[in-house]
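Notes follow once the structure below has been shown.
The values are calculated or read from the model by the stated rules, or taken from the named source; none is laboratory data. No experiment lies behind these values; they were computed from the predicted model shown. Reconstructed Cβ throughout: ideal geometry from the backbone, glycine too, with neighbour counts over all protein chains shown. Note: accessible area is taken over every heavy atom of the protein model, side chains too, but ligands, DNA and RNA are not part of it. Shrake-Rupley method; radii C 1.70, N 1.55, O 1.52, S 1.80 Å.
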Amino acid sequence: MANTVWQVGGVVVALGAGVFLVDQALLWMERRGWIYWRKRKGLSSIGADFMQEIAPGAQATKRAMEQERVRKNVKPAEEPPFRVDLDAGVVRIRRPGRGTSTGPDA
């Protein structure tokens, strides 16, 4: 009877140590950026790519995100309403309704 208790106790301790070591190995892989285990939220790059391929609206979402990136990179047709010249210590503010001018009273 006592021998069986020691065997069960040894198995429980061995399983606990095994789970701990596997957890530490997975945390190490997460720190290296290979997987996401417990500390970071989200999918690994492989998982994210896989989910984008099988998701029904993935292509439309990807296209919309790319269009948004392109839109943000396009410069506006109109210059901003103010200019700052740090070297000269001058700030010029354009009044609404006036065109752009480069003179001293702009």
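For the reader, a short list of remarks on this structure follows.
- Selection count where residues are of a type outside the set (D, E, K, R), at pLDDT 65 or above and not in a strand (DSSP E or B), scope the range 66-85: 5
- Residue within the range 45-54 that is touching a Phe, Trp or Tyr at 6+ places or on another chain (Cβ under 8 Å), of a type outside the set (S, T, N, Q) and either at pLDDT 70 or above or open to solvent by 90 Å² or more (accessible area, probe 1.4 Å) (or both) present: no
- So G16, is it assigned to a helix (DSSP H, G or I) and among the small types (G, A, S): yes
- Matching residues in the range 86-106 - criterion: being at pLDDT 70 or above and either exposed (fewer than 10 other Cβ atoms within 10 Å of the Cβ) or not charged (D, E, K, R) (or both): L86, D87, A88, G89, V90, V91, I93, R95, P96
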